[in-house]
Amino acid sequence: MAAPATDVSAVLVEGPWQHRLVAAHGARFHVAELGSGPAVLLLHDFPQFWWAWRSQLVALAAAGYRAVAMDLRGYGASDKPPRGYDTPTSAADVAALVRALGERDAFVVGHGVSGRTAWALPSLHPEQVRGIAVVGAAHPLLSRQVLRERVRRTTGAGAGLRTTAAALTRQLPLLPEHRLLNGDGVEQVLRARSAPGWPPPEDVQRYTEAIRVPFVAHSALEYHRWIARSAVRADGRRLAAALRGGVRVPVLQVRGELDPTVGTAALEAAERYAHGPHRVVQVPGAGHHVPEEAPERLTAVLAGWLARF
């Protein structure tokens, strides 16, 4: 029997933040925001939603920033149209949201699949970006290097191979959606990429409920399907051409020491595309989900980096 759908109210978690729906780029995007000052826009990973940044919302607001965590197109309480799950559209969504929030520009922090969006923004929409921080993701043009590192890594090679196999499985029709919506599919995705001990049961339940909001599972997987096919698509080739010139804004790259999805070498190799200040930080003992596995450490890294600019 299929698991029951979840009402969108499941993602409107109460807290010190304010929930808003913001019209931008022909859609409505849900954001949770807190604080005032320079804008910091936080983009979540698969299969999560804005709530992954709950610790950073509070801490960055206390540090003097306007912290805004959004639900990406297709996730949470944002609109879920049938199309638009490619990286250029995602970048256009974020740029338009910055303007719709009344900001001229923002620091953008992208985690995992949203790291691609963060990397694309300075090339496609430079006026809206003051700097980018990328957590647990390599530059999009280094995808082949990432795959090679996963296979060759001497420590955690099994986890790296499982991560690659999971990415290939997401290209199948229907089956990946079924796995996310039923049983412990979401928990398996989270645990496969995290350090031992995370996530706790309450976080598993929160993300399991969120993926069962109607259309979210399919929309979330469409991002991955576009990435895999982008090399042979005209829009993917256009994006690659735009990214080859690199970015001139400050870049911070963060990786959990135990993250099986990306290695340190791929992060350091991104320096060839960073023509402004570039820093790589590794968080000891954390896996892929650094915002939640090591929230205080990540917040300190982000706050120190933001204060420089």
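List of remarks:
- The residue of segment 8-18 that is nearest to THR299 (Cα to Cα), among those that are of a type outside the set (A, V, I, L, M) and in contact with an Asp or Glu (Cβ under 9 Å, 6 or more places away or on another chain), is TRP17.
- Any hit, segment 74-90, residues being among the acidic types (Asp, Glu), under 15 Å from the mean Cα position of the chain (by Cα) and within 27 Å of SER194 (Cα to Cα): yes
- Boolean, ALA269 is among the hydrophobic types (A, V, I, L, M, F, W, C), open to solvent by 10 Å² or more (accessible area, probe 1.4 Å) and closer than 20 Å to GLY112 by Cβ: yes
- Residues that are farther than 22 Å from GLU222 by Cα and either open to solvent by less than 50 Å² (accessible area, probe 1.4 Å) or modelled with pLDDT under 60 (or both), drawn from segment 184-201: SER194, ALA195, TRP198, PRO199, PRO200
- Scanning segment 289-309 for residues that are basic (Lys, Arg) and open to solvent by less than 50 Å² (accessible area, probe 1.4 Å) turns up nothing.
- When ALA32 is tested against the conditions (1) more than 24 Å from GLY84 (Cα to Cα); (2) without any contact (Cβ under 8 Å) to a residue 60 or more places away in the chain, the lone failure is (1).
- Each residue in segment 234-262 was checked for being assigned to a loop (DSSP other than H, G, I, E, B) and closer than 14 Å to GLY115 by Cβ, and 3 of them qualify.
Yes/no matrix, rows are residues, columns are (1) open to solvent by 10 Å² or more (accessible area, probe 1.4 Å); (2) touching a Gly at 6+ places or on another chain (Cβ under 7 Å); (3) without any contact (Cβ under 8 Å) to a residue 24 or more places away in the chain; (4) aliphatic (A, V, I, L, M):
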position: PHE49; (1), (2), (3), (4): no, yes, no, no
position: LEU57; (1), (2), (3), (4): no, no, no, yes
position: PRO88; (1), (2), (3), (4): yes, no, no, no
position: VAL94; (1), (2), (3), (4): no, no, no, yes
position: ALA118; (1), (2), (3), (4): no, yes, no, yes
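- Odd one out for THR87 among (1) hydroxyl-bearing (Ser, Thr, Tyr); (2) out of contact with any Pro (no Cβ under 8 Å at 6 or more places or on another chain); (3) farther than 25 Å from ALA307 by Cβ: (2)
- A single member of ALA210, ALA286 is over 24 Å from ASP86 (Cβ atoms), open to solvent by less than 20 Å² (accessible area, probe 1.4 Å) and either assigned to a helix (DSSP H, G or I) or among the hydrophobic types (A, V, I, L, M, F, W, C) (or both), and it is ALA286.
- Some residue of segment 175-183 being part of a loop (DSSP other than H, G, I, E, B) and open to solvent by 70 Å² or more (accessible area, probe 1.4 Å): no
- Evaluation of LEU124 against the conditions (1) modelled with pLDDT of 95 or more; (2) open to solvent by 40 Å² or more (accessible area, probe 1.4 Å); (3) touching a Gly at 6+ places or on another chain (Cβ under 9 Å) shows that the sole unmet condition is (3).
- Among the residues of segment 263-283, none is identified as closer than 23 Å to PRO47 by Cα, assigned to a helix (DSSP H, G or I) and at pLDDT 95 or above.
- The strands (runs of 3 or more DSSP E) located wholly in segment 19-99 include none with 3 or more residues which are of a type in the set (A, V, I, L, M), touching a helix residue (DSSP H, G or I) at 6+ places or on another chain (Cβ under 6 Å) and over 18 Å from LEU298 (Cβ atoms).
The values are calculated or read from the model by the stated rules, or taken from the named source; none is laboratory data. This is a predicted model, so every value here is computed, not measured. Methodologically, a virtual Cβ is constructed for each residue, glycine included, from the backbone with ideal geometry; neighbour enumeration extends over all protein chains shown. Only protein heavy atoms, including side chains, enter the accessible area calculation; ligands, DNA and RNA are left aside. Shrake-Rupley method; radii C 1.70, N 1.55, O 1.52, S 1.80 Å.
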